[in-house]
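**Student:** Below is the structure I would like to discuss, written out as structure tokens.
The values are calculated or read from the model by the stated rules, or taken from the named source; none is laboratory data. Fair warning: this is a prediction, and the values are worked out from it, not measured in the lab. Here the Cβ is made from the backbone with ideal geometry for all residues, glycine too, and neighbour counts use every protein chain on show. For the accessible areas, the whole protein counts, side chains as well, though only heavy atoms, and no ligand, DNA or RNA atoms are used. Shrake-Rupley method; radii C 1.70, N 1.55, O 1.52, S 1.80 Å.
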Amino acid sequence: MIRMKKILVANWKMHKTRREALSFLAALQEPERLSLKIAAPYTLIAELVDACHGREVEIGAQNMHEAASGAYTGEISLGMLRDVGAKFVLIGHSERRHLFKESEEEIQAKVERAVVEGFPLILCVGETEEEKTQGETEEVLKRQLLSALEELSVEQLEKVLIAYEPVWAIGTGKNAIPSDVNNTHRSIRDILFQSLGAAPPILYGGSVSVENISDFLRFEHIAGALVGGASLEVSNVNQMIQKIEFLEV
Ligand code: PGA
């Protein structure tokens, strides 16, 4: 059986200058048996794309505006991301949903823009602590997934990855239990298969670290990890690459 490559996405959030980003790349180990992506701040994308030429690292963005162009001061369009060589975009990250009050309608519009333009996207979903305590996880995930993806064809879904990131586990050091995450990923697959006829690979995110990444990625339904804080240090990322490459799954 051919082992599907696991996926490691570094989400740098609002961190790093150009100099810091380039010295990270200079020390980054070349991955062989996994797919490595960096969701970089806008200001770094063009330079990182140049620096990654011929390397096994894909550079993408953390957000975008849904309109093709227009009077939206401070915003960035998908055409601009493509122009600087970005290869994917995160949509609906929990920090966008909660800190910047992005609505499900906006997220759906962003997904639609990316899909119309044939641009790969990573849709982030996840429940809050309160929703989890109330036993609403599955309902919340279903709503977030279907409101964003319901109109997509099986073919369009091929350019989509899902990142399941429980809000209570992001940047908190609180770990979800890997077998629970695997079960949640299985429910996400079921929801998507039932409604759309296919399900993209599902990444897990939320306080993933060098110490725990193998515990998550050895599960069948956990296709990879979206890593924030622990992805800022190149030595951590190199260790994660090592761990994933030698993971027996
Ligand atoms: P964290 O962030 O790894 O720092 O918890 C993950 C994310 O926000 O994507």
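**Student:** Tell me which of these Glu130 doesn't satisfy, since it passes every other one: (1) within 16 Å of the ligand (Cβ to nearest atom); (2) more than 16 Å from the chain's Cα centre (by Cα).
**Tutor:** Among (1) within 16 Å of the ligand (Cβ to nearest atom); (2) more than 16 Å from the chain's Cα centre (by Cα), Glu130 violates only (1).
**Student:** Restricting attention to segment 121-138, which residues are outside any loop (DSSP other than H, G, I, E, B) and open to solvent by 10 Å² or more (accessible area, probe 1.4 Å)? Spell out the reasoning first.
**Tutor:** First, pick out the residues of segment 121-138 that are outside any loop (DSSP other than H, G, I, E, B): 121-125, 129-133, 137-138.
Passing the criteria: Glu129, Glu130, Glu131, Lys132, Thr133, Thr137, Glu138.
**Student:** A further question on this structure: Could you list, in sequence order, all residues of segment 30-60 that are open to solvent by 50 Å² or more (accessible area, probe 1.4 Å) and not hydroxyl-bearing (Ser, Thr, Tyr)?
**Tutor:** Glu30, Glu32, Arg33, Glu47, Asp50, His53, Gly54, Arg55, Glu56, Glu58
**Student:** Step by step: first the residues of segment 1-29, then only those that are surrounded by 12 or more Cβ atoms within 10 Å (Cβ to Cβ) and polar (S, T, N, Q), then the one that is nearest to Val160 (Cα to Cα). Which residue is that?
**Tutor:** Asn11
**Student:** While we're looking at this one, here's another question. Only one residue in Ile7, Ile59 is touching a Gly at 6+ places or on another chain (Cβ under 9 Å) and within 30 Å of Glu129 (Cβ to Cβ), so which one is that? Walk me through how you get there before you give the answer.
**Tutor:** Details: Ile59 fails: within 30 Å of Glu129 (Cβ to Cβ).
Going through Ile7, Ile59 in turn, just one is touching a Gly at 6+ places or on another chain (Cβ under 9 Å) and within 30 Å of Glu129 (Cβ to Cβ): Ile7.
**Student:** For segment 21-120, give me every one of the helices (runs of 4 or more DSSP H) that falls completely inside it and has 1 or more residues that are touching a His at 6+ places or on another chain (Cβ under 9 Å).
**Tutor:** Answer list for segment 21-120: 78-83, 104-116.
**Student:** If you don't mind, there's one more thing I want to ask. Right, Ala230: open to solvent by 10 Å² or more (accessible area, probe 1.4 Å), within 26 Å of Ala40 (Cα to Cα) and in contact (Cβ under 8 Å) with a residue 12 or more places away in the chain or not?
**Tutor:** When the stated conditions are applied, Ala230 passes them.
**Student:** Also: Can you name every residue in segment 161-199 that is small (Gly, Ala, Ser) and away from the ligand (no atom under 16 Å from the Cβ)? Steps first, answer last, please.
**Tutor:** Going residue by residue through segment 161-199, those that are small (Gly, Ala, Ser) are 163, 169, 171, 173, 176, 179, 187, 195, 197-199.
Matches in segment 161-199: Ser179, Ser187, Ser195, Gly197, Ala198, Ala199.
**Student:** Also, I was wondering about something else. Out of the residues in segment 200-234 that are away from the ligand (no atom under 16 Å from the Cβ) and more than 15 Å from the chain's Cα centre (by Cα), state the one that is nearest to Thr128 (Cα to Cα).
**Tutor:** His221
**Student:** Here is a follow-up. Among the residues of segment 183-227, which ones are surrounded by fewer than 19 Cβ atoms within 10 Å (Cβ to Cβ) and among the hydrophobic types (A, V, I, L, M, F, W, C)?
**Tutor:** Within segment 183-227, Ile191, Phe193, Ala198, Val210, Phe219 meet the criteria.
**Student:** On the given criteria, is Ala169 at pLDDT 95 or above, on the phi < 0 side of the Ramachandran plot and open to solvent by less than 30 Å² (accessible area, probe 1.4 Å)? If you could, list the steps in order and put the result at the bottom.
**Tutor:** Working: at pLDDT 95 or above: no; on the phi < 0 side of the Ramachandran plot: yes; open to solvent by less than 30 Å² (accessible area, probe 1.4 Å): yes.
No; evaluated as a whole, the condition is false for this residue.
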